[in-house]
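The structure appears right after this line, and notes come after that.
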Amino acid sequence: MTDLTRRRFLIGSALGVSALALSGCDRLEQNPEVGGVIRSAEKLTMRAQRLLLGRDALAREFAETDISPAFRVNGTSAPDGEAYAQLVEGNFANWRLKIDGLVDRPLELSLADLKKLPARTQITCHDCVEGWSAIAKWTGVPLGSLLAATGLKPSARFAVFHCADELEKTLDGSGRYYESIDLIDAFHPQTILAYRMNDRDLSVGHGAPLRLRVERQLGYKQAKYIMHIEIVDSFAALWGGKGGFWEDRGYEWYAGI
Amino acid sequence: MNQETRPLRSTPLQSTPRRRTIFIRRHTVVTRLSHWLNVVCLSFLILSGLQIFNAYPRLHWGQYGMDSDPAFLTIGASENHGMPQGFVKTGSGTIPTTGVLGLSKVEGEWASRAFPTWLTFPSYQDLAAGRNWHFFFAWVFVINGLIYLGHGVLSGHFRRDLAVRRHELAPRHIWREILDHARLRFPAGEAARHYNVLQKLTYIGVIAGLLPLMILTGLTLSPGMDAAFPSLLDIFGGRQSARSLHFITASLLVVFVIVHVAMVILSGPWNNLRSMVTGRYAIRRKEPDA
């Protein structure tokens, strides 16, 4: 290569890269094939983190004095609809948690039933996908103990949490909040169905009567207003098929990062 | 920068027979590939990082932090005499930044967003996409960095080219190099074969300081990694501190890139670029023809 052609090559590549950078970037994101490659990193992240975490590594638990003064009410602040309003009015006495799907003995529990079961209390940091964090104290029933009571069929792989709130208004109901976790997280000792927050009954803003705490993942996994837990072998048939409200809108199913 | 010199070509310049140009092999193929892959990675990481920052444009110190908690940096928009205004707030000072930070135009309309469309990837607001690209290139960046580090140690590149010699650390030597840089007098001839001490210290600072700090503070933002390595939270003083340090370190890297590109341009852009593309670096020698 002569100096001149080399120079031309260098100028050409520099211009090409900048042109791509300026005009092509958004198109790159919208290209489904490129998107597929980019999103494959999620599986790598999940495998690597599971390898490092093992089954039972615990999220940091904090002291009472670390609890943050404020905790943002995010997503739904109060579910719409007559049914939920009546539950609030009756102080959730008529609310029942259904656990069914691929289980041996489906369960229906009232809030009073849940409060009688052995509870776990933990002070943990809630890390929102947006970037903020808040520390609070949660009390609730370990999900693993409930799943042990129902018994799981061999094909069981995920726990799906169906919620009372509709975060996006749609005609087909696909705006209803739901979430899912696999059995490793479902049986993790810190994964609880919380009915108390900072020593008080869970408020409507924070998901009354029951919300999920799955402490090794981000805030959007911590489903509020849980009505029904369904054990499934696949969530492909549910709504967008990605395993959660935000997952159906492009966010990762594995939210450990 | 291999010590061994292979004069690939020696062309006497027409009128001055006493000057000749020799080419040395300056950068190995591993260094060159990892350098340009790093350019791609850092570009996407910074632009998608600003997209992620836009989802919550406030920085805190400590374990927790949100709306009502004290922030040491806020980028936002507010009303001023009925007119929307973008601002950057640090401590007690507020700087108006309408048009660029806090408030900028999106498709011709004023919109409240911390960093403008031309500094984020994707240009439009899409936190999910920003995160996906950020983590993909974070993986590429880490793997690329590990290959570079392994090669640097095994090939002797670090020991030979980056290790600072004792005499180079003498204050007088450093001061002279600072003066030379300030006067834009760059090493020529034999001295151009090696990095000068300012280059060495800067590259060591980036390779052993800023880049690892970038990765570690980034990992501290992951609740999964914090459960696997709880000491990360102690090292950086909490997730919000780690987020702030991640942003500050990224800003320092941007400063490094600006100075680095300026130095490349001032000290002979073609020669420098060629050496990072083909590996060949020209040195002009003042000596009689053999």
Inset, instruction - State the number of residues belonging to the stretch A:217-236 that are under 13 Å from A:A186 (Cα atoms) and within 14 Å of chain B (Cβ to nearest Cβ). - result: 3
Legend entry - Count of residues meeting criterion [more than 7 Å from chain B (Cβ to nearest Cβ), touching a residue at least 40 places away in the same chain (Cβ under 8 Å) and part of a helix (DSSP H, G or I)] in the stretch A:47-73: 2
Inset, instruction - All but one of (1) within 18 Å of the chain's Cα centre (by Cα); (2) within 14 Å of chain B (Cβ to nearest Cβ); (3) touching a residue at least 60 places away in the same chain (Cβ under 8 Å) hold for A:T76, so report the exception by its number. - result: (2)
Legend entry - Residues located in the stretch A:198-242, provided they are farther than 17 Å from A:A159 by Cβ and either touching an Asp or Glu at 6+ places or on another chain (Cβ under 7 Å) or surrounded by 21 or more Cβ atoms within 10 Å (Cβ to Cβ) (or both): A:L202, A:H206, A:A208, A:P209, A:L218, A:G219, A:G240
Inset, instruction - Quick one: count up the residues across the stretch A:30-46 that are small (G, A, S) and either assigned to a loop (DSSP other than H, G, I, E, B) or more than 11 Å from chain B (Cβ to nearest Cβ) (or both). - result: 1
Inset, instruction - Among residues belonging to the stretch B:136-172 that are surrounded by fewer than 19 Cβ atoms within 10 Å (Cβ to Cβ) and of a type in the set (F, W, Y), point out the one that is farthest from the other protein chains (Cβ to nearest Cβ). - result: B:F158
Inset, instruction - Within the stretch A:116-145, work out how many residues are more than 10 Å from B:G65 (Cα to Cα), in contact with a Phe, Trp or Tyr (Cβ under 6 Å, 6 or more places away or on another chain) and within 14 Å of chain B (Cβ to nearest Cβ). - result: 5
Legend entry - Subset of the stretch B:111-135 [farther than 11 Å from B:N54 by Cα and either away from chain A (no Cβ under 11 Å) or free of Cβ contacts under 8 Å to residues at least 12 places away in the same chain (or both)]: B:A111, B:W118, B:S123, B:A128, B:N132, B:F135
Inset, instruction - Could you tell me whether any residue of the stretch A:155-170 is surrounded by fewer than 21 Cβ atoms within 10 Å (Cβ to Cβ), within 23 Å of A:Y251 (Cα to Cα) and over 17 Å from the mean Cα position of the chain (by Cα)? - result: yes
Inset, instruction - Would you mind stating whether A:G219 is modelled with pLDDT of 95 or more, within 17 Å of A:C128 (Cα to Cα) and out of contact with any strand residue (DSSP E or B) (no Cβ under 9 Å at 6 or more places or on another chain)? - result: no
Inset, instruction - Identify the residue in the stretch B:18-55 that is within 12 Å of chain A (Cβ to nearest Cβ) and not in a helix (DSSP H, G or I) and, among all such residues, is surrounded by the fewest Cβ atoms within 10 Å (Cβ to Cβ). - result: B:T21
Inset, instruction - Pick out the one residue from B:H260, B:H246 that is in a helix (DSSP H, G or I), within 11 Å of chain A (Cβ to nearest Cβ) and not acidic (D, E). - result: B:H246
Legend entry - Matching residues, the stretch B:216-231, being at the interface with another protein chain (Cβ under 7 Å from one of its Cβ atoms), surrounded by 21 or more Cβ atoms within 10 Å (Cβ to Cβ) and more than 10 Å from A:Q49 (Cβ to Cβ): B:D226
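The values are calculated or read from the model by the stated rules, or taken from the named source; none is laboratory data. Given the structure is predicted, the values throughout are model-derived calculations rather than measurements. Every residue, glycine as well, gets a Cβ built from its backbone with ideal geometry; the counts of neighbours run over all protein chains shown.
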